[in-house]
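Chemist: To start, I am sharing the structure in question, which I have written as structure tokens.
Only the coordinates and a few stated rules stand behind these numbers; no lab work does. All values derive from a computational prediction rather than experimental measurement. Methodologically, a virtual Cβ is constructed for each residue, glycine included, from the backbone with ideal geometry; neighbour enumeration extends over all protein chains shown.
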Amino acid sequence: MSVSNSSTQSGFFLIEALLSILIFSLGILGMVAINARAIEARADAEYRTDAARFADDIVSQIALNVDRSSPANMHTSLATFAHQPTNPDCGLNGSTLSSNVVVTTWLGRVTAATTGLPGAVSTGQQIVVATAATDFNRVTVNLCWRAPSDTAVRRHTLITYVN
């Protein structure tokens, strides 16, 4: 009578199957994690694109509405567009808010719930008009927002000269 070698091999197929399921599961989990990061990156890119568009929009509105009749009038006219000029930290300390209709309308678009930047507030946006003779006509726009799935404050800065 011959002795079967099957007793030494029993259960080996089960271990192989369990290991292959484990490896397959880890691969699927890795793909899910990569997909989640890709969705976050896409959303962040969309918000940054929107911020650049909003910054370009206010700079265009300033350039269209500034009084260019004389250098003094231009400087005075530019100063009316200043919003939070001494606020470098995205609205955490507050300062002078603009009452210019162009700026307040723009702020309404930036902070709109459905079409604006997520987590953006009026006091978190900044428009600085340079008053020094060396930086005459320089306008700096800082936009700040907070993504819904993130606690970090994001910032976009645009610096331009209005002539």
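Chemist: Compute the acute angle (0 to 90°) between the alpha-carbon long axis of helix 12-65 and the principal axis of greatest extent of the alpha-carbon atoms of the chain; round to the nearest 10°.
Modeler: Its long axis makes an angle of about 10 degrees.
Chemist: Can I ask one more? Please work out the FRET efficiency for the pair Ser60 and Ala36, using the Cβ-Cβ distance as r and a Förster radius of 30 Å; give the result to the nearest 0.05.
Modeler: So, using R0 = 30 Å, E works out to roughly 0.25.
Chemist: Would you kindly compute the Cα radius of gyration of the chain and its largest Cα-Cα separation (Dmax), both in Å?
Modeler: For the chain, the Cα radius of gyration and maximum Cα-Cα distance read 28.6, 115 Å.
Chemist: Something else about it: For a quick protection proxy, order the peptides 119-125, 107-113, 68-74, 52-58 by their average other-Cβ count within 10 Å, most packed first.
Modeler: The densest-packed peptide leads the list: 119-125, 52-58, 107-113, 68-74.
Chemist: Mind pulling the angle between the C-alpha long axis of helix 101-110 and the longest principal axis of the chain? Nearest 10 degrees, somewhere in 0 to 90.
Modeler: 0
Chemist: Only Lys, Arg, Asp and Glu count, each charged at its Cβ (+1, +1, -1, -1), so figure out the dipole size of the chain about its Cα centre, rounded to 20 debye.
Modeler: 160
Chemist: Another question about this same structure. Between Ala17 and Thr76, what is 0.36 nm times their sequence separation minus the Cα-Cα distance? Round to one decimal in nm.
Modeler: Between Ala17 and Thr76, full extension yields 13.5 nm more.
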